[in-house]
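None of the figures in this text is laboratory data; all of them are computed from the coordinates on show. Since this is a predicted model, take the numbers as computed values, not measurements. When we count neighbours, we look across all protein chains shown, and the Cβ atoms used for this are built from the backbone with ideal geometry, even at glycine.
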2 protein chains.
Amino acid sequence: MKKYYLLSPGPTPVPPEVLLTQAQPMIHHRTKQFSAILDNALEGMKKIFKTKNPVLLFTSSGTGAMEAAVVNTLSAGDKAIVIRAGKFGERWGEICAAYGVDFIPVDVEWGTAVDPKVIERLLSENPDVKAVFSTLSETSTCVAHPIKELGEIVSKTDAILVVDAISGLGAQNIETDAWKIDVVVSGSQKGLMLPPGLAFATVSKKAEAAIEKSTLPKYYFSFKAALKNLAKNTTPYTPAVSLVIGLEKAVEMINSEGIDVMLAKYERLAKAVRAAAKALGLKLLAEKDAVNGATAILMPEDIDATKVKNILLDKHGFEVAGGQAQLKGRIIRIAHMGYMDEYEMISVIAALEMTLKELGYKFTMGSGVQAVLNELSK
Amino acid sequence: MKKYYLLSPGPTPVPPEVLLTQAQPMIHHRTKQFSAILDNALEGMKKIFKTKNPVLLFTSSGTGAMEAAVVNTLSAGDKAIVIRAGKFGERWGEICAAYGVDFIPVDVEWGTAVDPKVIERLLSENPDVKAVFSTLSETSTCVAHPIKELGEIVSKTDAILVVDAISGLGAQNIETDAWKIDVVVSGSQKGLMLPPGLAFATVSKKAEAAIEKSTLPKYYFSFKAALKNLAKNTTPYTPAVSLVIGLEKAVEMINSEGIDVMLAKYERLAKAVRAAAKALGLKLLAEKDAVNGATAILMPEDIDATKVKNILLDKHGFEVAGGQAQLKGRIIRIAHMGYMDEYEMISVIAALEMTLKELGYKFTMGSGVQAVLNELSK
């Protein structure tokens, strides 16, 4: 009977209205009915991506769309720049390596954002760079890279800018067209309030030109096949029909609030959680450039963050994320994106206070919750 | 208010018990709870595949698992044999071509099965062939290839046998281990009674050795990454959580009946539909080697099969498939796999009779339904 609070940065909770669409009887995907749903969902996605570019849909994890972005725009031996400031930035490098793309790694300290000047210098020193790969919201550290500035810089070169917005889209502002981003990839299970299983990619005109030159092998993740089918409101292969039906509903819900209203809400939730952490005497992993979709809180030196995470789940029912790689045991990550509200932020901070007390940490009980309330009532 | 009868060879209807699992609140995938579900589902899948080999899970259409089978077992320039007897056999060739695999096409007339002796001769003439790609149930023609015989032949060579059982698994008998098949791929939306979005691959010891030698590029569809994660009851990337929860339920339902009981049921349904077609004076596309999961019925020369398909859907609510490529306008395909029963076969034949009458075809009204009843009451 214990209630389960899913407050991890993906998968995020799915609204009941969307869940109910998943229980509807199956329909065929090569029908006018399904084509209308797909079209409606992907047209609605353009408002969330803030783009007029086509939005491609793939049945896969977000990682599938990352791979698609690499194999559809590059050729073996091409040079790229990969911004690595956490686990997901590293993934761009792993995919490039798997396909023989020669990349310049830009390693940034975990918990900080890339300096756009570094990219500007690298691009001028390496005019043969074909693509710059970045992350919007690096979930492993909860840091946002300056995508707008990167767009200004990269758009002046022949390179394309490819951004992983898997955990960012819907929670962290991204303006695909205004910021001149050529390919933005995303996934369904974060800000979009859907179960995992769908991935997306936007494709600019500049990216379409890169697609024409790309010789890396691809089949399932072919942008060309997806673009050709999109024009007929269909997909090359059987899509995850029920998830697409859920997508139409979730996108409708987001757009009826308005994406900017949603973004402002997550910013408020993020500020409240950050204020609570400080009130409890805890440090944030990222004081600067923190994302709005999740917050990484450093646990006190003498307290194992994995223990905190486990007590939060086992005793209190709160699913938060721990740290990955070198951050394992040092941080917990609380999400504020998707179908989440103010009262869940109050609750998770309350549960964190009880957990920290149990582990012997000294602080004024209730000061975290008080900070959340103060921030939210501003 | 019109009722919708989904009788296409994929997606197939999903049982209400499985649909309801899809409406459950989201849970996190890196939890003991989800690992237990995944393990239970994939262990249960072994009974359906009739194998002791590991069953890998991918979030993708079935085509993704086909691509995975190619890129994980071969290297560029490797030689393969591709059996092409329809649209899905051709897909193996397209994937090989996309990845620079040099393949010998074995083109078989649409509506017929491959002669195993042809493969035996080709393998002895080409001892450097690394893999033979076949289809269990070629959905575009509703024909089954002699996989058991192919297994006997291929297992005596250094080549591996790779079988697309996407539309076959659960409806058409396949004995992965007894028939010595190295890789069997499948999808969720056919015999498994699930929405589309999950794909599977079994991997034999011989296939594992091929994986070690394979140098084709891969990332998302890596068998090595999937095998490594499977050992920890997890997946390399966020899986389609809700579909996996549905899979556990569907697999439990199939295994509680017993896979052989299910297969016998579909055989009965197939026989009944074939008998009905004959009673109506219609020809089957495949008189020999017909699959049990679906039946392709040739429409009379002067009747456009697309018109039949459309009237069946628009007027009567029955979703059947038409023909693909050169069979467009010539056949309709009625499925009998997944969550389907005797009474839906009676109903679809009844609707077909009314449609044919409307189109001016001469026959004794009710003779099709009578044939179904006669066959089912045997």
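Rounded to the nearest 0.05, what FRET efficiency is calculated for B:Asp260 and A:Lys228 with R0 set to 35 Å and r the Cβ-Cβ distance?
Details: r = 42 Å, r/R0 = 1.21.
For R0 = 35 Å, the calculated efficiency reads 0.25.
Which of B:Ser155, A:Ser167 comes first, and how do the rest follow, when ranked by fewest Cβ neighbours within 10 Å?
Details: B:Ser155 16, A:Ser167 30.
Exposure proxy ranking, most exposed first: B:Ser155, A:Ser167.
Find which of B:Ile311, A:Pro300, B:Leu192 sits farthest along the positive direction of the dipole of the protein assembly as shown, computed with +1 on the beta-carbon of Lys and Arg, -1 on that of Asp and Glu, about the Cα centre. Of the candidates, B:Ile311 comes out farthest on the positive side.
Within the straight-line cut-off of under 16 Å between alpha carbons, the aspartates and glutamates reachable from A:Lys180 are A:Glu120, A:Glu149, A:Glu152, A:Asp158, A:Asp164, A:Glu208, sequence neighbours fewer than 8 places apart in one chain being disregarded. Close amide-amide hydrogen proximity is noted between A:Val184 and A:Val163, A:Thr202, each under 5 Å apart and 5 or more residues distant or on a separate chain (H modeled in the peptide plane; Pro and chain starts excluded). With Cα atoms defining each centre, region A:363-378 and region B:233-302 are spaced 59 Å apart in the structure. The trypsin sites (Lys or Arg not before Pro) of region A:149-200 that meet both conditions, a loop assignment by DSSP and at most 15 other Cβ atoms within 10 Å of the site Cβ, are A:Lys156. For the options A:Ala199, A:Ala165, A:Ala294, a Gaussian network treatment of chain A with springs between C-alpha atoms closer than 10 Å singles out A:Ala199 as fluctuating the most. If you take all other residues with their beta carbon under 12 Å from the beta carbon of A:Asp78, and give Lys and Arg +1 and Asp and Glu -1, the sum is 0.
Each Cα pair under 8 Å and six or more residues apart adds its separation to the average, and for chain A the resulting relative contact order is 23 percent.
About its Cα centre, the dipole of region B:16-257 is roughly 740 debye, where the only charges are +1 on Lys and Arg Cβ and -1 on Asp and Glu Cβ.
Roughly speaking, what is the stretch gain from A:Lys315 to A:Glu301, that is 0.36 nm per residue apart minus the C-alpha to C-alpha distance, in nm to one decimal? Don't skip to the end; give the middle numbers.
Numbers: separation 14, 0.36 × 14 = 5.04 nm, distance 2.24 nm.
Extra length from A:Lys315 to A:Glu301 when fully extended: 2.8 nm.
For region A:65-111 and region B:26-99, compute the distance between their C-alpha centroids and round to whole Å. So the separation of the two Cα centres works out to 25 Å.
Which order results if B:Met253, A:Met66 are arranged by neighbouring Cβ count within 10 Å, fewest first? Please report the intermediate quantities before stating the final value.
Numbers: B:Met253 17, A:Met66 31.
Taking fewest neighbouring Cβ atoms as first place, the list is B:Met253, A:Met66.
For the protein assembly as shown, give the magnitude of the charge dipole about the Cα centre (Cβ charges: +1 Lys/Arg, -1 Asp/Glu; no others), in debye to the nearest 20.
On the way: 86 positive and 84 negative charges, 127 e Å.
Charge dipole of the protein assembly as shown: 620 debye, to the nearest 20.
Rounded to the nearest 5, the antiparallel percentage of DSSP beta bridges internal to the protein assembly as shown is 50%. Under a Gaussian network description of chain B, with springs only between Cα atoms under 10 Å, the residue in B:Thr135, B:Thr63, B:Thr202 that fluctuates furthest is B:Thr63. Per-residue 3J(HN,Hα) values for region A:57-66, derived from phi via the Karplus relation 6.51 cos²θ - 1.76 cosθ + 1.60 with θ = phi - 60°, read 10, 10, 8, 4, 5, x, 4, x, 6, 5 Hz in sequence order (x marks Gly and Pro). The antiparallel fraction among DSSP beta bridges confined to region A:17-257 stands at about 40%. Listed by chain and number, the lysines whose C-alpha is less than 22 Å from the C-alpha of A:Lys218, apart from same-chain residues fewer than 8 away, are A:Lys79, A:Lys130, A:Lys205, A:Lys206, A:Lys228, A:Lys232, B:Lys79, B:Lys87, B:Lys130, B:Lys213, B:Lys218, B:Lys224.
Taking a ≥ b ≥ c as the square roots of the eigenvalues of the Cα gyration tensor, region A:253-378 is prolate, since a/c reaches 1.5 or more and a/b is larger than b/c. Mean residue ellipticity at 222 nm, helices only, chain A: -13000 deg cm²/dmol; runs of at least 4 DSSP H residues each add -39,500 (n - 2.57), and the sum is divided by the number of residues. Debye-formula intensities of chain A, expressed as log10 I(q)/I(0) at q = 0.08, 0.13 Å⁻¹, are -0.41, -1.03 (one equal scatterer per alpha-carbon, no solvent). Length gained on full extension, B:Val118 to B:Lys378: 89.8 nm, using 0.36 nm per residue less the C-alpha separation. The 3J(HN,Hα) values that the Karplus relation (6.51, -1.76, 1.60; θ = phi - 60°) gives for region A:193-209 are, in residue order, 6, 10, x, x, x, 10, 10, 9, 8, 9, 9, 7, 4, 5, 5, 4, 5 Hz. Gly and Pro appear as x.
For the protein assembly as shown, which semi-axes, largest first and in whole Å, follow from the square roots of 5 times the eigenvalues of its Cα gyration tensor?
Details: eigenvalues 437, 169, 120 Å².
For the protein assembly as shown, the semi-axes come out at 47, 29, 24 Å.
Partners of B:Lys357 within straight-line reach, counting lysines whose Cα lies under 25 Å from its Cα and excluding those fewer than 8 residues away in the same chain: B:Lys2, B:Lys3, B:Lys271, B:Lys278, B:Lys283, B:Lys307, B:Lys309, B:Lys315, B:Lys328. Select from B:Ile160, B:Ile37, B:Ile331 the residue whose mean-square fluctuation is largest in a Gaussian network model of chain B (Cα-Cα springs shorter than 10 Å). Maximum among the listed residues: B:Ile37. If you place +1 on the Cβ of every Lys and Arg and -1 on the Cβ of every Asp and Glu, how big does the dipole about the Cα centre of region B:26-126 come out, in debye to the nearest 20? The calculated dipole for region B:26-126 is roughly 580 debye. Of all segments of chain B bounded by GluC sites (Glu not before Pro) found in a DSSP loop with no more than 11 other C-beta atoms within 10 Å, the longest spans B:110-286.
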